[in-house]
Amino acid sequence: MPRHSETRHLPYTPEQLFDLVADVRRYAEFLPWVVAVRIRSDSESETVADLAVGFRALKETFTSRVIKRRPHELEIDYVEGPLKYLHNNWKFESDGQGGTNIHFSVDFAFKSRMFELLAGQMFDRALRKMIGAFCDRAHALYSVDPGISSSSAHKAA
């Protein structure tokens with residue numbers, strides 16, 4: 001059961017970062033391994049979407065529900081697919097100076113023990129790449145200054 005939580009600081013507003021993470025339909029443009037997105041429903045408070053992810057010969061589609069509490073929190077829960085469960089949480093806290101402290105956590109388990117073992121071997125590297133893709137996207141969309149900093153990271157097993 002891979003689990004991870006991390007805090008990063010970015011020089012963008014909570015609203016900007018909330019909009020970036022809540023824009024699920026654009027994930028295939030910048031997130032590694034996301035090859036397609038299909039939005040089932042979308043409103044101010046909730047999005048339900050299918051994400052097709054692929055890595056080498058492995059391709060899976062899963063459905064998740066995103067609960068939006070603008071502009072401070074997104075909760076993502078698994079609906080159906082190859083996982084046993086998935087819970088992902090993003091919190092956006094203003095630093096009082098125009099930037100944001102992002103608190104990110106993810107907890108999931110595969111139905112298959114084999115996939116669980118494979119995921120465990122690649123989990124940290126894949127997660128860093130995914131979080132980095134969100135930071136790079138924020139920089140591309142909102143930055144005039146190339147400075148992106150991460151302040152602290154914490155992993156839980």
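The values are calculated or read from the model by the stated rules, or taken from the named source; none is laboratory data. Just so it is clear, the model here is predicted, and its values are computed rather than measured. Here the Cβ is made from the backbone with ideal geometry for all residues, glycine too, and neighbour counts use every protein chain on show. For accessibility, only protein heavy atoms count, side chains too; no ligands or nucleic acids. Shrake-Rupley method; radii C 1.70, N 1.55, O 1.52, S 1.80 Å.
Dipole magnitude of the chain about its Cα centre, charges +1 at Lys/Arg Cβ and -1 at Asp/Glu Cβ only, in debye to the nearest 20? Walk me through the numbers before you get to the answer.
Working: 21 positive and 21 negative charges, 129 e Å.
Value, rounded to 20: 620 debye.
Averaged over its residues, region 1-128 has an accessible area of 54 Å² per residue, based on protein heavy atoms and a 1.4 Å probe.
When the convex hull of the C-alpha atoms of region 1-72 is computed, what volume per residue in Å³ does it have? Mind dumping the intermediate values first?
On the way: hull volume 8.9 nm³, N = 72.
Per-residue hull volume (Cα only) is 124 Å³.
Heavy-atom accessible surface of His9, to the nearest 10 Å², is about 50 Å², with a 1.4 Å probe and all protein chains retained.
State the answer as a single residue: which of Leu127, Leu83, Pro71 lies farthest towards the positive end of the charge dipole of the chain, with beta carbon charges of +1 for Lys and Arg and -1 for Asp and Glu, about the Cα centre. Highest projection toward the positive end goes to Leu83. Counted residue by residue at 0.36 nm each, then reduced by the alpha carbon distance between them, the extension gain from Ser41 to Asp124 reaches 26.8 nm.
Among Val21, Val37, the sequence by solvent-accessible area, most first, with a 1.4 Å probe is Val37, Val21. Only protein heavy atoms count here; under a 1.4 Å probe, Ser143 has an accessible surface of about 30 Å². Solvent-accessible surface of protein heavy atoms, probed at 1.4 angstrom with all chains present, puts Asp50, Asp107 in the order Asp107, Asp50, largest first. Computed over the chain, the alpha-carbon pair-distance distribution with 5 angstrom bins reads 2, 9, 17, 23, 22, 15, 9, 3, 1, 0, each value a whole percent.
Shown for region 1-133: the carbon plus sulfur share of the solvent-accessible area, taken with all protein chains present and a 1.4 angstrom probe, equals 53%.
Remind me, relative contact order of region 1-98 in percent, using alpha carbon pairs under 8 angstrom and six or more residues apart? Normalised by residue count, the contact order of region 1-98 is 21 percent.
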